[in-house]
Structures are given as C-alpha cells and as structure tokens.
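Since the structure comes first, as structure tokens, the remarks are kept for the end.
Nothing in this text is a laboratory measurement; each read-out follows from the coordinates by a stated rule. What you see is a predicted model, and the numbers here were worked out from it, not measured in a lab. When we count neighbours, we look across all protein chains shown, and the Cβ atoms used for this are built from the backbone with ideal geometry, even at glycine.
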Amino acid sequence: MNVMSASAQLPPSDRVINGPTPKHAQLREILRRTVERELPPGSPIPSERDLAETYQVSRLTVRSAIGKLVEEGLLSRVRGKGTFTAARRMELQLYLMSFTEDMRRRGMTPTTEVVKTATEVPPAPSAHALGLTAGTPAHHLVRLRRADGVPLAVERGWYHAGRMPGLLDLDLTRSLYVQLAQSYDLRPDHAWQTVWAESADRETARLLGMRAGSPLLVFRRVSSVNGEPIEDMTSWYRGDHYQVTMQLDRNTPDSGQHPHYGGTR
C-alpha cells in the first residue's frame with residue numbers, strides 16, 4: 001500500500017468522501033480491498049497517521065476502520081510493532097498428533113513455555129474423566145505453545161498421576177507424547193474431543209498476546225491408552241490463526257463409525 005500525500009492522488013474508488021456512508025465504513029472497505037488484492041499475509045500496513053493523511057480523515061476514523069478489520073480477522077495488531085495483514089488460518093487437523101510434530105510438518109519451529117505445574121486434586125469433571133475417586137490428586141500442567149515465536153495455544157491439562165509418576169520432573173518444554181512413550185511406554189490410541197468457541201478471558205488473552213474478549217477455538221480432549229484414560233486436556237487456540245475443516249459422511253447412527261479426534265501436545 002503506497003502512502004500518498006493527499007487523497008486527490010487516489011483513484012475515485014479509493015477516496016473517502018462526504019456522503020450517507022460513514023467515513024470509517026468507506027475507509028474500511030478501501031482497506032479491505034487493498035489487503036485482499038495487494039498485500040500478502042504478514043505484511044505491515046501504514047500507520048494511523050499516514051493513513052489519516054493519505055485519505056484526509058481523522059485518526060479516530062482510521063482507528064475505527066482498522067478495529068473492525070481486526071475484529072473480522074483480516075488484520076492483526078502486534079504490540080509494539082504495528083498492524084499487519086493476518087496470516088492465513090491454519091487447518092487444525094482432528095487426529096492424534098503432537099503440537100511439535102504438527103508444526104514441524106508445516107515447516108514451522110515449535111516452542112513451549114511451561115506456565116504452571118502442580119500435583120493437586122482436580123475438579124470433579126476431570127477426576128471423573130480420568131477415572132479417579134474424589135480427593136485423589138492428579139498432575140496439573142499448563143503450557144503456552146508457540147510456532148515461529150507466535151503464541152498459538154494455551155493448554156491446561158490433568159494427567160493420571162498413578163499411571164505416570166514423576167511426570168512433572170520431565171522436560172515439559174518438549175513433546176509430551178514423545179516423553180510419555182519414552183518414560184512410561186504410554187502411547188495414546190483413542191480420544192474423545194469436544195469443540196466449542198468462546199471469548200478469551202484476561203489470563204488467556206495475556207498469554208496469547210490478544211485482547212480480552214478475542215475469539216478462541218476451544219478443544220477438550222480425554223485421551224486413553226488401551227481403554228484407560230490418562231489425560232484430560234483443554235486447549236485454547238487463537239481464532240484468528242486457526243480454522244477447522246471436517247469431512248462429513250452420511251452414516252447411520254449405529255454404524256459404529258466415529259471421527260478420529262486429535263489436538264496438540
């Protein structure tokens with residue numbers, strides 16, 4: 001997007017004029033066309049000041065137009081750096097694959113930050129999912145997952161302490177599934193997963209570098225090995241970076257066929 005000194009240099013279709021359509025709405029559509037036709041994902045857009053000068057509007061008008069495009073997921077704000085065209089959403093595959101393996105398959109560099117570890121009594125739903133009696137402790141693990149330095153997901157999980165003693169002493173910045181196989185000979189072979197959407201709470205938004213209230217995709221997965229549950233994990237994914245595509249086939253309810261669910265570890 002070339003910054004010009006005055007709107008007179010712009011073609012008529014890219015000028016903001018006085019009329020029944022609010023100026024911020026006009027500017028939003030101009031920016032939308034420019035982003036969709038001219039700018040590849042991850043490209044910076046001009047500053048609010050430059051845009052205000054180019055289109056002869058106030059910075060408040062610019063801020064309103066950009067804000068709407070951020071809400072739509074077309075633009076993305078990066079603290080301290082500016083506003084960029086949003087990266088194309090990655091397909092979130094629904095099968096049992098580790099986050100590390102998935103990101104490497106995409107040609108990206110995965111990293112993990114451990115936010116919290118504890119062995120404590122889980123909430124009742126997690127205790128039930130893991131087959132634990134009331135009051136029995138489990139391993140609690142919270143991790144932030146990044147790809148190429150960009151925070152993509154927050155994972156909060158509960159793990160069956162009796163089946164993996166000493167889990168929290170492992171290097172939890174590495175792939176958890178790899179370590180479960182190496183240290184405990186546990187290889188999850190089945191999972192039930194539930195998917196929903198919600199707005200980011202303050203803590204999750206802080207970890208992901210987003211505004212509170214931003215859209216998230218949420219996955220809760222209960223994984224098992226040979227029919228024995230070992231993991232109850234909920235993952236919060238940035239809605240501006242992911243989309244989910246599912247193949248739907250016409251099957252009878254009692255056909256015995258179920259989708260193969262997955263997520264990230």
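Note the full-extension length gain between Asp185 and Glu36 as 0.36 nm times their separation in residues minus their Cα-Cα distance, in nm to one decimal.
48.8 nm
Quick one: if the Förster radius is 41 Å, what FRET efficiency do Asp50 and Asp201 give, using the C-beta to C-beta distance and rounding to 0.05?
After rounding, the FRET efficiency stands at 0.75.
Over its Cα atoms, what ratio of radius of gyration to 2.2 N^0.38 Å does the stretch 7-85 give?
Working it through for the stretch 7-85, the quotient is 1.03.
Among the aspartates and glutamates, which have Cα under 12 Å from the Cα of Lys68 when same-chain residues fewer than 8 positions away are ignored?
Partners within reach: Glu29.
To the nearest 0.05, what FRET efficiency results for Glu120 and Ser58 with a Förster distance of 35 Å applied to their C-beta separation?
0.10
Apply the a/c threshold of 1.5 to the C-alpha gyration tensor of the stretch 90-243 and tell me whether it is rounded, prolate or oblate.
Cα axes put the stretch 90-243 in the prolate bin.
Could you compute the FRET efficiency for His128 and Arg79, with r as their C-beta to C-beta distance and R0 at 41 Å, rounded to 0.05?
0.55
Of Pro22, Ile45, Ser58, which is farthest on the positive side of the dipole of the stretch 7-85, counting Cα position, with +1 on Lys and Arg Cβ, -1 on Asp and Glu Cβ, and the Cα centre as origin?
Ser58
From the Cα gyration tensor of the stretch 166-216, with a ≥ b ≥ c the square roots of its eigenvalues, which class applies: rounded if a/c is under 1.5, or else prolate if a/b is larger than b/c, or else oblate?
In terms of gyration-tensor shape, oblate.
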